[in-house]
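Trainee: My questions all concern the structure below.
What follows draws every value from the coordinates through simple rules; no lab data is involved. Quick caveat, the model's predicted, so the values are computed rather than measured. Cβ sites come from the backbone with ideal geometry, for glycine too, and all protein chains shown count toward neighbours.
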């Protein structure tokens, strides 16, 4: 029994880092968008003696965000801009300065801004609205 408990504990610790990141849901232009933060910057450099410059909202340069919207799956790296964390690949841009209305933009010939709002807790994601 004791060895089974030890095995279960080791298996749990081994699987814990593989657990999926929590996603935050938003409605952007009437379609569901999910955003998952990836903490790659800190993991890439490991433990440091001094704080990493430009740490904001628990993120560091090198972190990223995964956005799933319509038929798009975007992986955007965090910028080194001051202020709340923003993410861009040069074409797409994402920032959550206001938790209820994140900023989501695309650069084409000009900047196209998509209206987004936070999905209300308990809202049905299949209804295409906060109800």
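Trainee: Neighbouring Cβ atoms within 10 Å as the yardstick, rank 69, 94 fewest first.
Mentor: Ranking 69, 94 by Cβ neighbours within 10 Å, fewest first, gives 69, 94.
Trainee: Within a 10 angstrom radius of the beta carbon, how do 38, 55 rank from fewest other beta carbons to most?
Mentor: Listing 38, 55 from fewest to most nearby Cβ atoms yields 55, 38.
Trainee: Determine the gain in length on full extension of the stretch residue 91-residue 112; use 0.36 nm per residue of separation and subtract their C-alpha separation, reporting nm with one decimal. Write out the running numbers ahead of the final one.
Mentor: Numbers: separation 21, 0.36 × 21 = 7.56 nm, distance 1.02 nm.
Computed gain between residue 91 and residue 112 is 6.5 nm.
Trainee: With labels modelled as points extended 7 Å from the Cα through the Cβ direction, what inter-label distance (nm, one decimal) is found for residue 55 paired with residue 79?
Mentor: 2.3 nm
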